[in-house]
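The values are calculated or read from the model by the stated rules, or taken from the named source; none is laboratory data. Keep in mind it's a predicted model, so treat the numbers as computed, not measured. Note that we place each Cβ from the backbone using ideal geometry, even for glycine, and neighbour counts take in every protein chain shown.
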Amino acid sequence: MDNSLREISAQYIKGVGPQRFKDLQRLGINSIYDLLYFFPRRYEDRREFKKISHLQEGSAELVMGEIFYVDLRQTRRRLHILEIRIKDGSGVLSAVWFNQPYLRKIFKEGKRVILYGKVERFLNLQMNSPEFEIVDEGKQDSLNMGRIVPVYALSGKLTQRILRTIIHETVKRYAYKLCEFIPYDIRKRNDLPNIVEAINWMHFPADFEKKEQARRRFVFEEFFLLQLGVGMKRIKEKIFKTGIRHQVSPEFFNLFMARLPFKLTESQIRVIKEIEADMAKPKPMQRLLQGEVGSGKTVIACYALLLTVNNGYQGALMAPTEILAEQHFVNLSNFLVPFGVKVGLLVSGTSPRMRQTIKEELREGEIEIIVGTHSLIEEDVVFKNLGLVVIDEQHKFGVWQRKSLQDKGLNPDCLIMTATPIPRTLALTLYGDLDISTLYELPKGRGKVFTYWVSEEKRNEVYDFIKEEIRKGRQAFIVYPLIEESEVLDVKSATQMYEELKERVFGEFRIGLLHGRLSSEEKNRVMQDFKEKRIDVLVSTLVIEVGIDIPNVTVIVVENAERFGLAQLHQLRGRIGRGKFPSYCILFSSAKTEEARQRLTALVRIQDGFKIAEEDLKIRGPGDFFGARQHGFPEIKMGDILKDMQILELSRKEAFSLLQYDPELKSPQHKIIWENLKERFPQLELLSVG
Ligand code: ADP
Ligand code: MG
């Protein structure tokens, strides 16, 4: 049973004493199993010796030759320099080592030596501190030379040679004990080597093709387990949970449409139908609604909420910021009160007395729709009969927060909305337990959005441009970056800028200031003033990042744009282009790092939110992307979610068809898969459906 390898300490390997064990632990290695799965970062091709006369300056090369000169000298600064020179019949190469005088004893004239290192040219061709190997007649070192050599991450006093030896020993003695857990037919269909071969090939491949095959297996293995986890959760939800069966009717939908001030887009109607179908089933809906910023998700949420109320249940809408919650509250109230629906608002700024009332009314079922922030998941918020939960801007929440709100009802339906869409296969993996609806089109008649990245010299021009827009009756946002560690500094820079702009630039106009430190009433007043055009320019911190919908705003200026992530910038840009006028997103930045530059040019170049997300993923790498995006999602170590998309798809297919006939991996031959799954992804949040 290979699990036992997880229980044998790496100290059992020859050459691993307490000090080395510590160094290994720093690399995350504790057990034999960890050693076997500690894969090389890269490989060096040391199969063929180069003739000295053919050496390329600047590249790493492998040569073998006879030592004909050894010299140990000391500089005035007491630096020991050991130099040797070797010849191979085609030329002469020297090699030097600094401050390793003991090497003098190793290199003897007349001995043959193998060197591996980067070639440079001083007087002669030379290598600095190359890896070396004395060729003992008859006994060739087969681990470090004359083969494809693995190169590992190191720590402490470990060297490549030491770690290579340790891992070689481990592979030799223990790899065969690993138990295969990917079923034979799956390996066969997908052309995967078995686990023992793959471990051998991963560390000490005979050729690069073998190494690729091995890598492919481990990528597959990882994705396969992940998809099984995701799939099990999904199946559990689908099979075992009973939810609410909502009554739906075309008349009700038509009535709703008739009251809207606009015509729904095709996409919106399709998505509403998908949601209706889910809500009509006696299973809890778990649906993710992906849609570009401004594509009109709120009205869909509104319909679903109204539907649950119409069925005698309560609905809850959770948004990540107070300002956004307030906006939803106002819009929903305006629209739903004529239907006779009672809407409530609960945010952190709600006064204690008001809170009390609201909580009571929720418990009694008097409030039919509650809009709020994280406040909604507080323990003493209790519903009479929660039928639908809507999460807006879900990427701002953790999985557990979503779950906490859902748990306030008896398997209520759940609609999760996001404006940071990701490619479909990815979405299926990451949100594998969710069904997905996508809004592709924006409502018609929107003005074009232009994006510019400008430098400081253009500042006055930009201000003049804003003034022109204001004179045309439009409004503008000016956004200051959030310095995560210090909201205080943030507020300070926004406040300063506000004072300055007010004094020196926009004297003739009305200018407002918005930040997170204002009280709820102050925030509301500012937003209300801005919405009703009593303010022309709103200076703000990141608090307006998501959701805010004011179609008359045509300019957003983002200061120090390099501080924002790509998805954030796209969200900010999503604040404009919501009306019929052309709109302008202007980024001020003297971006210094390559990455920041990439982000800004990507934003200028790309409009489409799906493409932005892909680009973001490429720039940041999956770890970062998902870390920030989807709290609680396990780290993917082997696979590259973009480059290995094909393997991801194959493994998904296999995982789901396996689960078709063994949804809980309970059969004896699948028990080992289940065990590996638990070990690999212990964040079983994914798997533990209540
Ligand atoms: P998001 O998807 O970013 O949450 P919103 O729901 O805030 O977008 O919608 C953006 C704006 O578009 C709102 O002012 C909304 O009233 C409007 N809107 C939504 N659907 C339509 C439509 N079909 N036609 C015209 N305007 C629409
Ligand atoms: Mg929205």
Checklist entry - Just checking, which of Leu566, Leu542, Leu513, Leu538 is within 24 Å of Leu317 (Cα to Cα) and either crowded, with 17+ Cβ neighbours inside 10 Å or in contact with a His (Cβ under 6 Å, 6 or more places away or on another chain) (or both)? => result Leu542
Checklist entry - If you go through the stretch 310-336, how many residues are out of contact with any Phe, Trp or Tyr (no Cβ under 7 Å at 6 or more places or on another chain), outside any helix (DSSP H, G or I) and within 12 Å of ligand 2 (Cβ to nearest atom)? => result 3
Checklist entry - Which condition does Val399 not pass, out of (1) touching an Asp or Glu at 6+ places or on another chain (Cβ under 8 Å); (2) farther than 25 Å from Thr265 by Cβ; (3) not assigned by TED's automatic domain parsing to the domain that holds Glu368, if it passes all the others? => result (3)
Next on the checklist: If I ask for residues that are closer than 16 Å to Lys263 by Cα and more than 14 Å from ligand 2 (Cβ to nearest atom), which ones from the stretch 294-309 would you list?
Outcome noted: Tyr303
Checklist entry - Which residue, of Glu559, Glu508, is assigned by TED's automatic domain parsing to the domain that holds Pro481, at pLDDT 90 or above and touching a strand residue (DSSP E or B) at 6+ places or on another chain (Cβ under 8 Å)? => result Glu559
Checklist entry - Tell me, which residue of the stretch 371-388 that is closer than 19 Å to Glu326 by Cβ and either in contact (Cβ under 8 Å) with a residue 60 or more places away in the chain or more than 16 Å from ligand 2 (Cβ to nearest atom) (or both) is surrounded by the most Cβ atoms within 10 Å (Cβ to Cβ)? => result Leu376
Checklist entry - Which of the residues spanning the stretch 545-576 are in contact with a Lys or Arg (Cβ under 6 Å, 6 or more places away or on another chain) and assigned to a helix (DSSP H, G or I)? => result Leu566
Item to check | Those strands (runs of 3 or more DSSP E) lying entirely in the stretch 1-96 with at least 3 residues within 30 Å of Lys177 (Cβ to Cβ) | outcome: 42-45
Checklist outcome for this item: Matching residues in the stretch 386-415 (at pLDDT 90 or above, more than 22 Å from Glu364 (Cβ to Cβ) and either within 16 Å of ligand 1 (Cβ to nearest atom) or among the aromatic types (Phe, Trp, Tyr) (or both)) number 3
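Residue-wise test of (1) in contact with a Cys (Cβ under 7 Å, 6 or more places away or on another chain); (2) closer than 26 Å to Glu441 by Cα; (3) surrounded by 21 or more Cβ atoms within 10 Å (Cβ to Cβ); (4) in contact (Cβ under 8 Å) with a residue 12 or more places away in the chain.
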| site | (1), (2), (3), (4) |
| --- | --- |
| Arg259 | no, yes, no, yes |
| Lys263 | no, yes, no, no |
| Lys273 | no, yes, no, no |
| Met279 | no, yes, yes, yes |
| Gly291 | no, yes, yes, yes |
| Ala325 | no, yes, yes, yes |
| Val341 | no, no, no, yes |
| Arg363 | no, no, no, yes |
Next on the checklist: Condition first: at pLDDT below 95 and more than 16 Å from ligand 1 (Cβ to nearest atom). Now tell me which residues in the stretch 539-556 satisfy that.
Outcome noted: Val539, Ser540, Thr541, Leu542, Val543
Checklist entry - So is Phe329 aromatic (Phe, Trp, Tyr), more than 13 Å from ligand 1 (Cβ to nearest atom) and crowded, with 21+ Cβ neighbours inside 10 Å or not? => result yes
Checklist entry - Of everything in the stretch 270-309 that's within 16 Å of ligand 1 (Cβ to nearest atom) and part of a strand (DSSP E or B), which residue is farthest from the chain's Cα centre (by Cα)? => result Arg287
Item to check | Check on Pro205, touching a Pro at 6+ places or on another chain (Cβ under 6 Å) and within 21 Å of Leu62 (Cβ to Cβ) | outcome: no
Item to check | Among the candidates Leu158, Leu123, Leu163, residue that is under 42 Å from the mean Cα position of the chain (by Cα), among the aliphatic types (A, V, I, L, M) and in a loop (DSSP other than H, G, I, E, B) | outcome: Leu158
Checklist entry - Which of the residues belonging to the stretch 389-401 are over 21 Å from Ile358 (Cα atoms) and either free of Cβ contacts under 8 Å to residues at least 24 places away in the same chain or more than 16 Å from ligand 2 (Cβ to nearest atom) (or both)? => result Gly398, Val399, Trp400
Checklist entry - Of (1) in a loop (DSSP other than H, G, I, E, B); (2) more than 24 Å from Lys14 (Cβ to Cβ), Arg104 satisfies all except one. Which? => result (1)
